[in-house]
Amino acid sequence: MSRDARLRLAFCGLHPDRSRALVAGAGSPAAALRRVEGGAVDVNDRVRAAAAIPAAARRAELAALGIEVAFRGDVDFPAHLADLPDAPDVLFLRGRLPPDPGVAVIGTRRCTRYGRTLATAYGVAIARAGWMLVSGLARGIDGAAHEGTAGASGRGVGVLGSGLDVMYPREHTRLAAALIGAGGAVISEYPPGTPPEGWRFPPRNRIISGLAAAVVVVEANVTGGALITANAALAHGVPVFAVPGDIDRPSSRGCNELIRDGAQPVFEADDLVEELSLVLGPPINRPEPGESAVEIGPNGISVERYAEQVSVPIGELMAHIARMEAVGTIRREGGRLYPGGP
């Protein structure tokens with residue numbers, strides 16, 4: 001297929017389902033564009049005008065904005081995303097898309113303080129384990145998870161429901177830059193200049209789940225993007241984990257129902273790392289022998305005493321212990337730590 005035609009069609013900014021239907025009906029992106037330009041398709045004047053702009057002008061526009069483009073089927077287009085039947089044909093990106101699937105941490109924008117704290121701890125733990133974190137860069141749980149990742153210098157990918165030059169929410173502009181600076185990316189299937197219209201957000205959730213080997217829902221209502229993403233993951237055969245919560249709290253109902261329907265419950269950050277290790281394999285950032293300068297005798301040491309001696313920020317302590325457990329340096333039994341080994 002012509003890359004120029006695919007790029008021009010992507011710049012029309014249509015709903016992904018409609019764009020796929022147009023191509024299927026016309027036989028090719030170029031034929032679909034001709035139908036749009038010729039008036040055979042019912043679109044507004046903005047879309048019709050966009051379809052007529054040459055690809056060379058679009059590439060110049062992208063270069064001026066510092067935005068790259070990846071086409072489905074390219075070597076730099078994630079294979080695990082490209083395999084989905086409803087995968088985007090074109091991705092606009094800033095940064096670099098890691099080749100391996102990561103962990104999606106998602107949830108409601110109207111989260112509780114508990115949910116925000118836990119999402120941040122998950123972001124730190126996932127970063128320390130060396131896995132990529134994927135989310136929507138939205139307010140609430142998504143942003144908190146990415147803040148944890150960025151704070152721990154981890155890799156993260158934010159998937160927007162707007163153009164990359166129209167950051168939404170605006171206050172996450174600096175967070176997006178931090179993800180890119182740490183080797184991650186911010187991506188969208190919508191072209192530059194696309195506003196954050198409500199109907200554009202549900203389709204982006206399939207991209208979040210498509211980039212993930214596991215999906216973690218921290219807090220979610222029974223309706224909303226988090227449940228859409230979780231259901232997309234289940235449809236794609238991706239494991240879903242959920243944090244249980246009070247049965248009378250609206251922000252926990254979605255998670256509780258996911259668990260009722262078969263999602264795996266998870267609790268603190270070290271429990272999440274342990275569960276994810278079964279899906280993604282052992283943490284990638286294995287600590288070198290002797291990373292912990294704390295001498296642990298045969299009788300063990302309490303977690304509290306260990307925390308006093310090891311030079312790890314308290315917010316990262318449980319993720320640190322989980323990593324040490326994963327490589328066999330220590331083992332944990334209840335509230336005490338012992339030398340690694342059987």
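Do we find that Ile296 is outside any helix (DSSP H, G or I), open to solvent by less than 30 Å² (accessible area, probe 1.4 Å) and modelled with pLDDT under 90 in this structure? Here the answer is yes, as Ile296 does meet what is asked. Of the helices (runs of 4 or more DSSP H) lying entirely inside region 178-280, those carrying at least 3 residues that are in contact with a strand residue (DSSP E or B) (Cβ under 8 Å, 6 or more places away or on another chain), aliphatic (A, V, I, L, M) and farther than 23 Å from Ala70 by Cα are 225-235, 269-280. The set of residues in region 165-177 that are assigned to a loop (DSSP other than H, G, I, E, B), open to solvent by 20 Å² or more (accessible area, probe 1.4 Å) and not β-branched (Val, Ile, Thr) comprises Asp165, Met167, Tyr168. Kindly check whether there is at least one residue in region 79-94 that is touching a Gly at 6+ places or on another chain (Cβ under 8 Å), closer than 23 Å to Ala177 by Cβ, modelled with pLDDT of 95 or more and buried (at least 16 other Cβ atoms within 10 Å of the Cβ). Within region 79-94, one or more residues are touching a Gly at 6+ places or on another chain (Cβ under 8 Å), closer than 23 Å to Ala177 by Cβ, modelled with pLDDT of 95 or more and buried (at least 16 other Cβ atoms within 10 Å of the Cβ). Within region 31-51, residues that are farther than 14 Å from Phe11 by Cα sit with their Cβ atoms under 6 Å from residues that are among the hydrophobic types (A, V, I, L, M, F, W, C), at 6+ positions apart or across chains, in these pairs: Arg35/Ala26; Arg35/Val41.
Contact map, region 180-204: first residue farther than 29 Å from Ser153 by Cα and among the aromatic types (Phe, Trp, Tyr), second residue open to solvent by 10 Å² or more (accessible area, probe 1.4 Å) and not in a helix (DSSP H, G or I), Cβ cut-off under 9 Å, separation 6 or more or different chains; pairs are Trp199/His15. Each residue in region 140-192 was checked for being on the phi > 0 side of the Ramachandran plot and out of contact with any helix residue (DSSP H, G or I) (no Cβ under 9 Å at 6 or more places or on another chain), and 1 pass.
The values are calculated or read from the model by the stated rules, or taken from the named source; none is laboratory data. Note that the structure is predicted; figures quoted are calculated from it, not measured. Virtual Cβ from ideal backbone geometry, glycine too; neighbours counted across all protein chains shown. When the accessible area is computed, the model is the full protein with side chains, heavy atoms only, and any ligands, DNA or RNA have been set aside. Shrake-Rupley method; radii C 1.70, N 1.55, O 1.52, S 1.80 Å.
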